[in-house]
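> Here you go, one structure.
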Amino acid sequence: MVVNLCDYAIVMLGPPGSGKGTQVSYLVDLGFHVVSVGDILRSNGDTVIPGLNATVMDAMSSGMLLPDDFICDVVKSDMLNKLSSGDKHIFIFDGFPRTVVQAEYLNAVLKELSIPIKYAFNFDVSDDIVFRRITGRFSCASCGRIYNKFLCNTKIENVCDSCGASEFIFRSDDNEESLKTRLSQYYEKSKPLVSFYQEIGLLFNINASLSSDDVRREIFSKIGIS
Ligand code: AMP
């Protein structure tokens, strides 16, 4: 299999609600190639996780991180599928790695594939902003556009501004209780990745409390897109 098709990889770090997914969607629109662990898991909702007495969706709803081995396998097989289709050049990792074990695994896999990580963007934002963003978040069931009932609602109630659909999705883990767990998991297991990537010279801090347009401008300028 020819796998050395990618120029480089980008890693998105930051707590839930820091805006990683929104920025990833801008890059995907430009043809970037995303490995979004949360999205992969949500599309496999009925799968039982080896070693855990729960389906993926049950485990995700609680806000706990899933086992490293399971997540690493999911990521590797998604990457290899995408590489074999072969027409994209830059990988973005959204929601992975979330532990140091996962980061070391990613380094090893990318080394095997000769794909260097060029940027680890760290989305820096306060817990207060995260709470408002997450507890108000919903998305259009048809086109996926993301809204927030406190910060940027639909212009007409229950009608998507982009596609006119009237069905919306509320994530089962976007509630206060699960968010507290997700944040404590973030501080305990994922925040150490900031030092991990800083030590290898790849960390770029992003002020993620700015508007999504401002954050996009900062990221685009860093990676050389005008
Ligand atoms: P996300 O969509 O990135 O917010 O992820 C939603 C949930 O999926 C998390 O709260 C975890 O339960 C699970 N998950 C996603 N990515 C990972 C990961 N890298 N490691 C462990 N669990 C993950």
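The values are calculated or read from the model by the stated rules, or taken from the named source; none is laboratory data. The model shown is predicted, which means the values in this text are computed figures rather than measured ones. Please note: Cβ atoms are built from the backbone with ideal geometry, for glycine as well, and neighbour counts cover all protein chains shown.
> Only one of GLY21, GLY45, GLY17 is of a type outside the set (A, V, I, L, M), surrounded by 19 or more Cβ atoms within 10 Å (Cβ to Cβ) and in a loop (DSSP other than H, G, I, E, B). Can you tell me which? Working first, answer last.
Working: GLY21 fails: in a loop (DSSP other than H, G, I, E, B); GLY45 fails: surrounded by 19 or more Cβ atoms within 10 Å (Cβ to Cβ).
Selected residue: GLY17, the only one of GLY21, GLY45, GLY17 that is of a type outside the set (A, V, I, L, M), surrounded by 19 or more Cβ atoms within 10 Å (Cβ to Cβ) and in a loop (DSSP other than H, G, I, E, B).
> Could you check region 113-149 and list, in sequence order, the residues that are out of contact with any Gly (no Cβ under 7 Å at 6 or more places or on another chain), of a type in the set (S, T, N, Q) and under 17 Å from GLY17 (Cβ atoms)?
If the condition is that a residue be out of contact with any Gly (no Cβ under 7 Å at 6 or more places or on another chain), of a type in the set (S, T, N, Q) and under 17 Å from GLY17 (Cβ atoms), then SER126, THR135, SER139 are the ones that fit.
> State which residue is modelled with the highest pLDDT when the search covers only region 108-133 and only residues that are assigned to a helix (DSSP H, G or I) and over 30 Å from SER178 (Cβ atoms). Working first, answer last.
Taking region 108-133 as the starting set, the residues that turn out to be assigned to a helix (DSSP H, G or I) are 108-112, 127-133.
Narrowing the set further to residues that are over 30 Å from SER178 (Cβ atoms) leaves 108, 110-112.
Values: ALA108: 96, LEU110: 93, LYS111: 93, GLU112: 90.
Step by step, filter region 108-133, then rank; the result is ALA108.
> Is it the case that region 15-25 has a residue that's of a type in the set (A, V, I, L, M), within 11 Å of the ligand (Cβ to nearest atom), under 27 Å from LEU151 (Cβ atoms) and at pLDDT 90 or above? Walk me through it before giving the result.
Applying the first criterion (of a type in the set (A, V, I, L, M)) to region 15-25 yields 24.
Those still in the list that are within 11 Å of the ligand (Cβ to nearest atom) too: 24.
Checking which are under 27 Å from LEU151 (Cβ atoms) leaves us with 24.
If we keep only those that are at pLDDT 90 or above as well, we get 24.
Checked region 15-25: at least one residue is of a type in the set (A, V, I, L, M), within 11 Å of the ligand (Cβ to nearest atom), under 27 Å from LEU151 (Cβ atoms) and at pLDDT 90 or above.
> Moving on to the next point. Are any residues in region 197-226 without any contact (Cβ under 8 Å) to a residue 60 or more places away in the chain and within 22 Å of PRO16 (Cβ to Cβ), and if so, which ones?
Result: GLN198, LEU210, SER211, ASP213, ASP214, GLU218.
> When you look at VAL28, is it surrounded by 14 or more Cβ atoms within 10 Å (Cβ to Cβ) and in a strand (DSSP E or B), yes or no? I'd like the intermediate steps shown before the answer.
Numbers: surrounded by 14 or more Cβ atoms within 10 Å (Cβ to Cβ): yes; in a strand (DSSP E or B): no.
No.
> Which count do you get for residues in region 135-151 that are within 17 Å of SER212 (Cα to Cα) and surrounded by 15 or more Cβ atoms within 10 Å (Cβ to Cβ)? Spell out how you get there, then give the answer.
So in region 135-151, the residues within 17 Å of SER212 (Cα to Cα) come out as 136-139, 144-151.
Restricting the remaining residues to those that are surrounded by 15 or more Cβ atoms within 10 Å (Cβ to Cβ) gives 136-139, 145-148.
Looking only at that region, the number is 8.
> While we're here: For region 68-81, does any single residue satisfy the condition of being in a loop (DSSP other than H, G, I, E, B) and either within 24 Å of LYS222 (Cβ to Cβ) or near the ligand (Cβ under 9 Å from one of its atoms) (or both)? Please lay out each step first, then the result.
Restricting attention to region 68-81, the residues satisfying the condition of being in a loop (DSSP other than H, G, I, E, B) are none.
No: region 68-81 contains no residue that is in a loop (DSSP other than H, G, I, E, B) and either within 24 Å of LYS222 (Cβ to Cβ) or near the ligand (Cβ under 9 Å from one of its atoms) (or both).
> While we're looking at this one, here's another question. Return the residue satisfying two criteria in turn: it lies in region 50-67 and is more than 8 Å from the ligand (Cβ to nearest atom) and not in a helix (DSSP H, G or I), and of such residues it is nearest to the chain's Cα centre (by Cα).
Looking at residues that are more than 8 Å from the ligand (Cβ to nearest atom) and not in a helix (DSSP H, G or I), I get THR55.
> Which residue is farthest from LYS180 (Cα to Cα), if the candidates are limited to region 29-49 and must be more than 14 Å from the ligand (Cβ to nearest atom) and free of Cβ contacts under 8 Å to residues at least 60 places away in the same chain? Give the steps one after another, and end with the answer.
Narrowing region 29-49 to residues more than 14 Å from the ligand (Cβ to nearest atom): 29-33, 46, 48.
Filter again for free of Cβ contacts under 8 Å to residues at least 60 places away in the same chain, leaving 29, 31, 33, 46, 48.
Details: ASP29: 32, GLY31: 34, HIS33: 31, ASP46: 25, VAL48: 25 Å.
That would be GLY31.
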